[in-house]
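Here the structure comes first, spelled out in structure tokens, and everything after it is commentary.
Every number in this text was worked out from the coordinates using simple rules, so none of it is lab data. Only a predicted model underlies this, so the values are computations on that prediction, with no experimental measurement involved. Here the Cβ positions follow ideal geometry from the backbone for every residue, glycine too, while neighbour counts run over all protein chains shown.
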Amino acid sequence: MGGARATDVRPRSPQVPGWTTIRSRKITIRTSQLGVHEVERLTERLRPLGLHPRHFGLLTHIATAAGQSQQALSGALGVHRTAMVALVDDLEARGLVERRRDPRDRRAYALHLTRAAAELLADAERAVDAHEAELLASLD
């Protein structure tokens, strides 16, 4: 009678103030560690294609929203403008992204994938799909 249920998140003892906060931090830390681990695994899976997960994310976004400006992509992906410029410069130097004058705003450039990027992106999507299948395999 009156025992703690599994869903009860109250401290079991008054000697442990802030117990729920400590528990939340542990979950947050574990989730963060899992994220770091999975990015490392995905980085290794994409390495043979010469891509990093950040490249994959940008290429995927451009593929679904061709013609967006760097500024719009920066906001959509949560990437600082300076980092976005460097990332687009890298992909442009590799012949994967083209900057074209935006017909609506001559000061801006619209980003588009090249044919090489479309082919590479198809291979990368298969690699990411395999990675996600492995990650989710143990879940029912």
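Numerical summary
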item	result
Residue in segment 62-79 that is under 24 Å from Ala127 (Cβ atoms), out of contact with any helix residue (DSSP H, G or I) (no Cβ under 7 Å at 6 or more places or on another chain), hydroxyl-bearing (Ser, Thr, Tyr) and in a helix (DSSP H, G or I) present	yes
Only listed residue being among the small types (Gly, Ala, Ser), surrounded by fewer than 16 Cβ atoms within 10 Å (Cβ to Cβ) and over 17 Å from the mean Cα position of the chain (by Cα), chosen from Gly95, Gly75	Gly95
Options Ala83, Ala117, Ala108, Ala133: the member that is surrounded by 11 or more Cβ atoms within 10 Å (Cβ to Cβ) and either in contact with a Phe, Trp or Tyr (Cβ under 8 Å, 6 or more places away or on another chain) or free of Cβ contacts under 8 Å to residues at least 24 places away in the same chain (or both)	Ala83
Filter result for Ala124 (loosely packed, with under 12 Cβ neighbours inside 10 Å and under 22 Å from Arg41 (Cα atoms))	no
Flag for Arg99 being farther than 21 Å from Leu42 by Cβ and of a type outside the set (Ser, Thr, Tyr)	yes
The listed residue being in contact with a His (Cβ under 6 Å, 6 or more places away or on another chain) and either under 14 Å from Leu120 (Cβ atoms) or of a type in the set (A, V, I, L, M) (or both), out of Leu42, Leu58, Leu46	Leu42
Residue among Ser32, Ser69 that is on the phi < 0 side of the Ramachandran plot, out of contact with any Cys (no Cβ under 8 Å at 6 or more places or on another chain), surrounded by 15 or more Cβ atoms within 10 Å (Cβ to Cβ) and not aromatic (Phe, Trp, Tyr)	Ser69
Matching option when the condition is of a type in the set (D, E, K, R), surrounded by fewer than 15 Cβ atoms within 10 Å (Cβ to Cβ) and in contact with a helix residue (DSSP H, G or I) (Cβ under 8 Å, 6 or more places away or on another chain), among Arg41, Arg47	Arg41
